[in-house]
Amino acid sequence: MDWFQTPLGGAFVSLLLGLLLGLERQRSKRGEAFAGIRTFPLFALCGFFGGLAVQKGAPLALPAILLAVAGFGLLSYARATDADAGVTTEMGGLLAAVLGAVVAWGEVAVAGSATVVVTLLLTLKAPLHRIAGTVSEDEILAILKFAVVAVVVLPLLPDRAIGPYGALVPRMVGLMVVVLSGVSLAGYLLVKMLGHRAGWALAGGLGGLVSSTATTLSFSSRARDAGDQVPPLAVGVILASTVLYVRGAVVVALLDRDLAVHLAPRLAALFGVGVVFAAVQYRHHKSEESAEKISLGNPVELGRAVTLALIFAAVIVVARVAQERLGTAGFWAVGAVGGLVDVDSVAVAAARLRQAARTTVEVAGGAYLVATVSNLAFKSAVVLSTGGAEMARRVLPAFAALATATGLILLAW
């Protein structure tokens with residue numbers, strides 16, 4: 001990363017960022033725009049040198065460059081003959097120059113991340129326009145409510161532990177509401193863009209990176225009245241629980257390399273089992289013709305998310321009380337209780353105890369695997385109680401297979 005902080009490295013990075021933006025604009029406009037794959041890197045490079053000039057005592061250099069790029073864009077827009085001509089490419093050119101300056105100021109990661117996000121946004125023009133054309137006023141209102149809860153209400157909640165054994169943190173409960181609503185919103189948007197078969201499946205996989213339990217709660221509560229959407233929702237739940245093994249491997253690897261090496265082949269085998277069941281369910285649901293006829297409902301459903309979060313909080317209290325009563329002597333038993341709602345916490349505890357030489361790799365790894373089984377048990381109860389018979393019929397065989405495979409791994413320990 002140090003090389004990127006040098007003038008030569010920064011100039012090279014600026015060129016690459018400009019090339020990425022220019023490539024997308026060239027492909028999108030087919031050469032009709034005022035700037036493309038050659039001009040965007042030049043804008044970024046000019047911004048980089050403008051940023052360097054500011055640091056060297058020439059504060060007017062960068063504003064002059066930005067004004068010049070904006071002038072080119074304004075001239076291009078004024079000369080456009082297309083009645084529907086927009087200013088996306090012109091603004092992109094101005095942004096390229098600004099990103100070059102950001103690189104010059106040493107914020108390479110910020111500039112790179114912004115470039116990738118902007119390029120993705122530009123590439124998704126067609127699906128985003130589709131969403132904008134079909135979204136209703138009620139859906140916009142629901143999304144705004146979610147934004148208020150996530151941005152305004154959540155930071156105001158206390159972050160002090162309350163309740164029995166300090167098990168509850170109001171902000172964490174609020175975060176669960178946001179996660180549940182966010183998973184629902186992500187699934188809604190992906191279904192709008194990709195269709196309900198692929199959309200719910202992808203949303204489930206992404207939701208598993210955050211919380212497979214929250215994803216299961218969200219999807220199962222939606223499935224009871226979902227009709228033809230139950231199969232893709234089931235695939236999403238299975239994928240969320242499959243991604244859990246990848247997330248667990250990463251968490252353990254960051255904390256304890258030896259434990260990660262010990263668990264890696266076992267988690268890989270479980271991941272394979274989950275992928276097979278998800279693929280089978282996905283292939284069984286081939287017809288998408290009714291996707292446009294099905295109502296997706298409220299994209300956020302805050303009321304349902306609050307109810308599910310309160311249930312989740314109650315389970316946390318029960319699990320924490322059980323942990324206190326059991327103590328740390330029965331580490332596998334504690335893993336079974338803790339895994340009901342939070343497998344990652346068990347992974348962290350196992351890695352820390354192993355590093356402190358308070359337990360062996362085998363015991364720590366076993367506790368984590370037991371936690372994954374108890375988590376599957378809790379999610380099975382969620383599917384049975386909230387998802388309906390059809391959802392349970394599709395999801396529970398996969399959960400049973402994962403639990404059985406984990407049991408066999410533990411027996412062969």
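The values are calculated or read from the model by the stated rules, or taken from the named source; none is laboratory data. The shown structure was predicted, so the numbers you read here are calculated from the model rather than taken from an experiment. Every residue, glycine among them, receives a Cβ derived from its backbone with ideal geometry; neighbour counts consider all protein chains shown.
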Legend entry - region 154-174: number of residues that are at pLDDT 80 or above, surrounded by 13 or more Cβ atoms within 10 Å (Cβ to Cβ) and part of a helix (DSSP H, G or I): 4
Inset, instruction - Looking only at region 255-268, decide whether some residue is without any contact (Cβ under 8 Å) to a residue 12 or more places away in the chain, in a helix (DSSP H, G or I) and under 18 Å from Val370 (Cβ atoms). - result: yes
Legend entry - All positions within region 110-138 that are free of Cβ contacts under 8 Å to residues at least 40 places away in the same chain and among the small types (Gly, Ala, Ser): Ser113, Ala114, Ala126, Ala132, Gly133, Ser136
Legend entry - All positions within region 139-166 that are closer than 18 Å to Val179 by Cβ and touching a residue at least 40 places away in the same chain (Cβ under 8 Å): Ala142, Ile143, Lys145, Phe146, Val149
Legend entry - Verdict on Arg38 being surrounded by fewer than 13 Cβ atoms within 10 Å (Cβ to Cβ) and more than 16 Å from Gly100 (Cα to Cα): no
Legend entry - Hits in region 227-255 (condition: of a type in the set (Gly, Ala, Ser), modelled with pLDDT under 80 and buried (at least 24 other Cβ atoms within 10 Å of the Cβ)): none
Inset, instruction - For residues that are in a helix (DSSP H, G or I) and either of a type in the set (Val, Ile, Thr) or assigned by TED's automatic domain parsing to the domain that holds Val87 (or both), scanning just region 134-153, find the one that is farthest from the chain's Cα centre (by Cα). - result: Thr134
Inset, instruction - Those residues that are over 17 Å from Leu340 (Cα atoms) and out of contact with any helix residue (DSSP H, G or I) (no Cβ under 8 Å at 6 or more places or on another chain), I need them from region 361-403; list them, please. - result: Ala389, Arg393
Legend entry - Single match in Glu32, Glu24 (criterion: more than 12 Å from Trp105 (Cα to Cα), acidic (Asp, Glu), crowded, with 17+ Cβ neighbours inside 10 Å and modelled with pLDDT under 90): Glu24
Inset, instruction - Please state which one of Val87, Val149 is buried (at least 17 other Cβ atoms within 10 Å of the Cβ), farther than 20 Å from Leu15 by Cβ and modelled with pLDDT under 90. - result: Val149
Legend entry - Of residues in region 354-413 being part of a helix (DSSP H, G or I), in contact with a Leu (Cβ under 8 Å, 6 or more places away or on another chain) and of a type in the set (Ser, Thr, Tyr), the one farthest from Val280 (Cα to Cα): Tyr368
